[in-house]
Amino acid sequence: MLSLLWLIPTLPLAGFLVLALGGKYLGHRSIAVIGTSSTALSALIAILIGMDFIAAPPPGFVFRQEAWSWIAVAGFSPGIGFYLDALSLVMVLVVTLISFLIHLYSTEFMSGDEDYARFFAYMNLFVGSMCILILADNLLFLYLGWEGVGLCSYLLIGFWYRDPANGRAARKAFIVTRIGDTAMAIGLFLLFTHLGTLDIQPLMQCAGQQWPEGEGLAILTAALLLAGAAGKSAQLPLQTWLPDAMAGPTPVSALMHAATMVTAGVYLIARTHVLFTLAPVVQHAVAVIGALTLLLAGFSALVQTDIKRVLAYSTISQIGYMFLALGVGAWSAAIFHLVTHAFFKALLFLSAGVVIMSLHEEHNIFRMGALRKKLPIVFWTFLIGSASLAALPLVTAGFYSKDLILWRAWSSAGGNPWLWAAGWGGAILTGLYIFRVVFLVFFGEARTAMPPGTARPGLRITLPLIVLAAFSLVGGWIETPPFLGNLTLFSSFVQHALPPAQAVHGEKNDETILELLAIAASLGGIALAYLLFLRYPAFLQGMMLIPAFARIREFWQSGWGFDRFYEFLFVRPYLWLAHADRRDVIDNIYKMALSCMLRWLQKVDPHDVINTIYNGLAGLCLFLHRALSATQSGQVRRYAAAIATGSIGILFIGIFA
């Protein structure tokens with residue numbers, strides 16, 4: 001089965017080509033079958049390959065497949081090749097399975113859209129590009145997939161391009177992520193220039209052999225790759241594009257947040273972990289960026305009114321947890337949380353999509369309410385996803401992955417109490433903001449009535465919700481803490497590709513205490529949400545009447561003012577220059593200056609101009625003559641003093657220069 005590895009990215013790309021070239025000639029049913037079956041077959045092959053890989057591991061737990069040579073120039077010959085190890089296998093299983101479920105959901109959700117074929121063509125290209133990114137055996141091929149998902153994000157965020165706001169959101173995502181992509185490209189140039197290859201595994205070996213820890217080039221290249229990862233994964237300071245990306249259809253948001261795009265940065269850092277271990281200062285920066293991002297995004301999620309924007313800031317926060325784990329050297333913990341996050345975040349977005357559709361495109365959570373009985377399946381699936389996101393103890397997948405990150409943030413060599421405290425505070429915020437949504441949307445009074453005759457979601461929508469809900473519950477049982485059996489199936493498998501995390505701080509008693517504190521954070525956040533938004537909502541409404549609290553709320557709601565800051569620092573100057581160039585202001589200045597000069601020349605007699613030039617030269621010569629004559633006084637003592645002064649100056653310059 002391993003020989004079929006190349007089909008995993010090829011099948012979605014083939015579906016894209018068929019739909020892009022012939023979609024306008026096909027009916028909706030044929031489009032749905034082509035778009036969904038291509039991802040379904042890709043997921044099936046990934047599962048079969050995974051079973052074969054685990055049952056009979058290849059030598060070194062690595063399988064390589066070279067398709068053909070891509071480029072051969074002056075010793076640089078990257079190929080179209082695929083690399084399968086424990087890390088890429090986990091990633092490709094998650095991407096293909098989640099993508100198939102989202103495609104199946106989309107066949108019903110997007111059924112009334114006039115651009116049905118274009119939607120599935122873009123979605124298939126998205127999945128194929130992500131699979132290339134994951135399976136690429138060299139960084140140039142990986143960069144092709146990297147840019148592919150960037151292009152697809154632009155196309156899908158602006159899918160409903162007739163609305164100018166959607167076009168602006170798409171351009172914003174494309175431009176902001178290009179900043180990180182440019183830094184990453186420079187990093188690739190540096191790696192090839194100094195190490196002579198872009199093949200990932202030989203590159204990591206050469207870096208480990210040639211660069212000592214703390215080497216300047218290692219720090220520089222790791223920092224450039226971090227910039228690329230921060231852009232794609234929406235981490236500080238390049239996180240501003242993701243909330244606006246909610247302009248796209250809900251299945252796009254689910255795919256982008258759960259299986260593609262935002263997870264690419266996490267994968268890049270994990271795949272090139274050798275470079276980051278050689279640059280401890282950059283690795284620590286990864287942890288700090290993750291800690292700050294998860295807190296800032298958590299506070300912003302707490303005050304959003306659009307249900308999809310709450311989930312968008314939640315994604316930024318949860319990716320922050322993954323960066324925190326990567327930064328402290330807990331590589332497997334980061335990937336484990338990536339997996340569980342894919343399940344519950346896809347579930348939350350798809351459930352939110354049904355709510356929005358049932359209320360005729362209503363996004364404001366304060367205009368919802370009492371949907372628990374009207375949409376029972378959606379209520380239970382959204383509740384399960386929210387509980388997993390909030391890390392409800394024992395019964396949800398999110399508890400096991402987030403708990404592991406918190407323990408590693410405390411105990412690992414790169415961890416410290418401050419990083420742990422940030423993660424713990426973020427856990428309280430997570431329970432608070434997501435159950436705020438649960439209580440406002442599904443409990444209380446109905447603020448917007450469901451239109452009579454609203455169709456209940458069909459099987460193609462409910463089946464993906466049920467499957468994802470099951471994974472959101474049991475998906476974490478492959479990695480449990482010591483007091484629940486200390487099962488380490490996931491980390492033991494992933495450690496064939498990533499180094500294990502070493503606990504250097506804390507004892508067993510500390511781990512038990514930290515486990516209890518993590519449970520308290522989860523339950524405390526949920527309880528606080530119940531008190532503030534369901535039991536005593538008037539208390540919070542009264543607080544918002546205080547001007548200081550209202551301003552803080554507005555500041556958090558705007559994403560901590562990053563958009564306004566960037567607009568003032570970059571956007572406005574650029575637009576001014578663009579408008580100036582469009583109006584030919586600079587050309588007009590040159591024309592005015594030239595016109596004034598010509599008018600002056602027309603008024604002046606040419607003979608006077610020539611006489612002025614020669615008179616000026618004569619005056620300059622006379623001035624220089626008088627200046628030199630003043631030095632010829634005829635007094636020898638002045639000559640001697642001048643010679644002595646010059647000699648001392650020359651000696652002074654020779655000694656101290």
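A few points about this structure:
- There is at least one residue in the stretch 87-109 that is within 24 Å of Gly353 (Cβ to Cβ), more than 23 Å from the chain's Cα centre (by Cα) and among the small types (Gly, Ala, Ser).
- Condition check for Phe192: closer than 27 Å to Leu11 by Cα and modelled with pLDDT under 95: no
- Scanning the stretch 411-421 for residues being buried (at least 24 other Cβ atoms within 10 Å of the Cβ) and more than 19 Å from Val282 (Cα to Cα) gives a total of 0.
- Enumeration of residues in the stretch 65-92 that are buried (at least 16 other Cβ atoms within 10 Å of the Cβ) and in a strand (DSSP E or B): Gln65, Gly79, Ile80, Gly81, Phe82, Tyr83, Leu84
- When restricted to residues that are touching a helix residue (DSSP H, G or I) at 6+ places or on another chain (Cβ under 6 Å) and modelled with pLDDT under 85, the stretch 544-586 contains 1.
- Top-ranked residue in the stretch 182-210 [being among the hydroxyl-bearing types (Ser, Thr, Tyr) and part of a helix (DSSP H, G or I); ranked as farthest from Ala229 (Cα to Cα)]: Thr193
- When Ala222, Ala227, Ala258 are checked against the criterion of being aliphatic (A, V, I, L, M), modelled with pLDDT of 95 or more and crowded, with 23+ Cβ neighbours inside 10 Å, a single residue qualifies: Ala222.
- The helices (runs of 4 or more DSSP H) located wholly in the stretch 267-385 that include 3 or more residues which are among the small types (Gly, Ala, Ser) occupy 280-301, 307-327, 331-358.
- Residues considered: Ala521, Ala497. Of these, the only one that is surrounded by 16 or more Cβ atoms within 10 Å (Cβ to Cβ) and over 30 Å from Gly369 (Cβ atoms) is Ala497.
- Members of the stretch 403-462 found to be assigned to a loop (DSSP other than H, G, I, E, B), among the aliphatic types (A, V, I, L, M) and in contact (Cβ under 8 Å) with a residue 12 or more places away in the chain, listed by number: Ala413, Ala446, Met450
The values are calculated or read from the model by the stated rules, or taken from the named source; none is laboratory data. All values reported here derive from a predicted model rather than from experimental measurement. Glycine also receives a Cβ, built like all others from the backbone with ideal geometry; neighbour counts cover every protein chain displayed.
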